[in-house]
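Read-outs throughout are calculated quantities, based only on the coordinates presented, and are distinct from any laboratory measurement. Only a predicted model underlies this, so the values are computations on that prediction, with no experimental measurement involved. Cβ: placed from backbone, ideal geometry, glycine included. Neighbour counts: every protein chain shown.
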Amino acid sequence: MADAVVDAATENGNPEMEAVGKLVLNIELIEAQSGRRLIGQEALAGKVLGLLIGPHWLPVPLQQTLASFAESAVELQTEGKPVAFVYVPTDRDDNLISMLRNYGQMSQIDGRPDPESFSEILQSLPEGWLAVPFTDSESRSVLIQRCSSSIFSLAFVGEGGQINTKEGLRLLEKWGSDGFPFTDQRIEELQQETAQRASKQSLASLLVSADRDYVIRNDGSQVKVESLEGKTVALYFSAHWCPPCQRFTPVLADIYNQLKSRNDDFEVVFISWDKDQTSFEKYHNEMPWLALPFADSKTKKILSRWFEVEGIPSFIILDTNGKTLNTEGAELIFKHGLEAYPFTAERLAELDAEEEARRAAQTLESLLVTEERDFVISPDGQEVKVSSIKGKTVGLYFSAHWCPPCRNFTPKLISAYNELHQKGKDFEIVFISSDRDEEAFKSYYGSMPWLALPFSDRQSKSTLSSYFDIQGIPSLVILGPDGKTVAREGRELVSQHGSDGFPFTEAHLSELRRAQDEVANKLPKEIQYAGHPEHPLILSDNAYSGQAYVCDKCDEQGSGWVYHCDKCSYDLHPSCSQTDPLEHQPSEDQAEANVTHPSEDEKPGFICEGDVCRRV
């Protein structure tokens, strides 16, 4: 049979099919956990093969990749689909290792000898999986060359040895076991079915299954789906283990209760991503609305796939006919609260018009003054009238002590602030704290020389964060002397220019860019840098299409001119290239200390990566 497959592939002139067809049937494989040796033809004949290709020496990312499609893999097998999964380990990649070192991620790497680390991976693979022996470098090389598409990739190979897809991870995430055997033809069928369902979408088609026509209250009682017809219904994808969900749920509950008190025809159905029935029930008890029964995992998966829910919380709003009205309900509620209801295009247009008018009339007082408060505070606790800083260039500094990049940037901002005051410039900063509590706020603010919004005014903090769409911290918004927004990327501007960036207007920044161009024209176009000896660094002003980059020497952002390695994505400020490259190179222990792993010091629901902390 092996010869027949190889002959057919050769006759068809398809080298990919020939190479993979040979290996599918003829290589020796290792059974995960048991270590038993099997010939491919014995274990794989008549099956679609799922080849997971990736480094055994990156055990944590490998386990995360396995976890991302574990549920779908189990579905395939429990549904009796003829599929077998095989792990193909890849050799150590010097470029990838160098990149991980540059980003302080060396802890990700298993530095033990390959046989030892591969053996441990074998023991951790799911039951029933097979693996290509690490010692079979020739077979691994062919499979990696023919079937790999990224650092971790999943390719599905048909019975005849043909590659159905190299994008198995993406297809499994979107279609689950329904995508089997993951050919172009099958995916096209599913897309057509989806388009047909979309044209007929209704509340019943979404929430009713073959054996269930109801949803449930948190006391377990049933509510017929048909009783929700004619209402605006929102599907709330959430889970108790998710910190952002835990923050969003009380906000949503407050809005829900207000709408119910007004007798508005609005309902919410909780679609749980919890891990078990107990967690689901505990979380649902905190909610005043309905839920899809936890046991109906199939409908949950269909809905998650249907609405392409990739992260939670997700709040999908359906109109009174069960059609999709808005897929970004969570963002709308965070931004507008109760005012967003009934979430129609007309209502959102009204809100946009109101916001546009508000921005046109924006002043320092309209941003910082409330009915209860017309002041900010100084470091010694004194009240400072907002009117007293009117006419100055003002920076609104969104930051928190628990955020490592904030702690790194704050001293640089203090330096620029002090320099501007020494030069007599009319510049002020108002700290907008995202600290956990007032004690943490006071501790952090004690290191700052500028003004602050009182920590107790959480509503103003929330309003300002929403108004300026603050997605991550540290963030510095620059306001001009008239109170209008001059720049939202103040943090990047200070990092790049320091006090020379003042007053941060486009006209001034254009002058700075022209000056930088003149300096860059006198610099060498290519340098050999000891901090990155692998490849030469090329001077470029368009390495990231105008986007910011992070200097791998000083860990600060930059834009415009950069010494860049395209192979390793290594970046160096031109100014940093002028100093001793070994002067500030961290040791591996220091680099690891700078890695922003989640810790007790990091706020739950945020992840700090590179130069910013963002909501998970």
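Laid out as a table, the results:
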| quantity | calculated |
| --- | --- |
| P(r) weight above 13 Å for region 310-371, C-alpha pairs, percent | 69 percent |
| Percent of C-alpha pairs per 5 Å bin, region 340-405, short to long | 3, 12, 15, 17, 15, 14, 12, 8, 3, 1 |
| Positive-end residue, the chain charge dipole about Cα centroid, Cβ charges, pick of 295, 329, 476 | 329 |
| Theoretical ellipticity at 222 nm over the chain - DSSP helices of four or more residues, -39500 (n - 2.57) apiece, nearest 500 | -12000 deg cm²/dmol |
| Other-chain or far-sequence residues with amide H under 5 Å of residue 384's (modelled H) | 376, 377, 378 |
| Whether region 364-510 is rounded, prolate or oblate, judged on the alpha carbon gyration tensor where a/c under 1.5 counts as rounded | rounded |
| Whole-number D in µm² s⁻¹ for region 56-117, Kirkwood Cα-pair radius fed into Stokes-Einstein, 20 °C, 1.002 mPa s | 156 µm²/s |
| Modelled FRET efficiency - R0 60 Å, residue 335 with residue 81, Cβ distances, 0.05 increments | 0.85 |
| Dipole of the chain, positive direction: furthest Cα of 408, 58, 106, with charges on the beta-carbon | 408 |
| Approximate spin-label separation residue 518-residue 95, in nm, with each point projected 7 Å along Cα-to-Cβ | 3.9 nm |
| Computed magnitude of the charge dipole of the chain (debye, nearest 20; Cβ of K, R +1, Cβ of D, E -1) | 820 debye |
| For the chain, with +1 on Lys and Arg beta carbons and -1 on Asp and Glu, the positive-most of 238, 133, 32 along the dipole | 238 |
| Helix runs (DSSP H) in the chain reaching 18 Å along axis by Cα, Kyte-Doolittle at least 1.0 | none |
| Sequence ranges 187-200, 319-332, 226-239, ranked by mean other-Cβ count within 10 angstrom, highest first | 226-239, 319-332, 187-200 |
| Contour minus Cα-Cα distance for residue 138 and residue 534 (0.36 nm per residue) | 139.9 nm |
| Hypothetical label at residue 285: residues of region 240-257 whose amide nitrogen lies under 19 Å (7 Å Cα-Cβ projection) | 240-242, 246-247, 249-250, 253 |
| Fully extended contour minus Cα-Cα distance, from residue 412 to residue 33, at 0.36 nm per residue | 131.2 nm |
| Directionally averaged shadow of the chain, computed from the convex hull of its alpha-carbon atoms, nm² | 33.2 nm² |
